[in-house]
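Undergrad: Dropping the structure in here first, questions after.
Where a number appears in this text, it was derived from the coordinates with a stated rule and is not lab data. Keep in mind the model is a prediction, meaning the values are calculated, not measured.
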Amino acid sequence: MGVVLYGGAFDPPHLGHVAVADAARERFRVERLVVLVNERPGHRGVHASAEDRLALAAAAFPGDDVRLDPYPRTVELLRAERFDDPVFVIGADQFRAFLAWAEPEEVVARARIAVATRPGFQRSELEAVRDQLGRPERVLFFEIEPNPAASTDVRARVAAGEPLDGLVPAAVARLIEERGLYRP
């Protein structure tokens, strides 16, 4: 298999993100994992600069190809960049809204979509989305262990001065502290 692409705002990256990347790496036996830090997410605001989020992602995914993604939409990235047989990893939550993405059929034509599911998540809901696509065979499901970490919770704990143990990799916690990120 070629390359696995894993994109997001990573504001900040947490252990749930790392678990998804690890599970994708194992499931798809990849040559290369490319972590794409979205410079200007088209679907949400961010709290830290692109430069800070890139540094945090590099700390969370050591040894992987971590780079800034200047394209607000996934379809724009896939049109502009050339990846060898790409598999684009997203979470089940994002896949539920996949039909509302910019040009979802074009995204599926240019990359297989790997959806990280977890126990208790309604698979039938995800299959209903997949089955509305012109090429449903290009959507792959893989299960991950549940992880309660969320970027919102990490930012709230930093703002409250609480420890980040069990939520982010130690290198990410150090960078958040050193750079004074997510403080009120």
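Undergrad: Under the Karplus relation 6.51 cos²θ - 1.76 cosθ + 1.60, θ = phi - 60°, what is the ordered set of whole-Hz ³J(HN,Hα) values for the stretch 85-95, x standing for Gly and Pro?
TA: Result, rounded to whole Hz: 6, x, 10, 9, 8, 9, x, 4, 4, 5, 5.
Undergrad: While we're looking at this one, here's another question. Counting only residues 5 or more places away or on other chains, whose amide H sits under 5 Å from the amide H of Gly91 once H atoms are built in the peptide plane?
TA: Answer set, sorted by chain and number: Ala116.
Undergrad: Now a separate question. Using each residue's phi in the stretch 4-13, evaluate 6.51 cos²θ - 1.76 cosθ + 1.60 at θ = phi - 60° and report the 3J(HN,Hα) Karplus result to the nearest Hz, with x for Gly and Pro.
TA: In residue order, the calculated couplings are 9, 9, 10, x, x, 6, 6, 10, x, x Hz.
Undergrad: Bins of 10 Å, beginning at zero and ending with the bin holding the largest distance: percent of Cα pairs per bin for the chain, please.
TA: Spelled out bin by bin, the chain gives 9, 37, 37, 14, 2 percent.
Undergrad: Quick check on the chain: helices-only [θ] at 222 nm, where DSSP H runs of length 4 and up contribute -39,500 (n - 2.57) each and the sum goes over total residues. Nearest 500, please.
TA: One gets -11000 deg cm²/dmol as the mean residue ellipticity at 222 nm.
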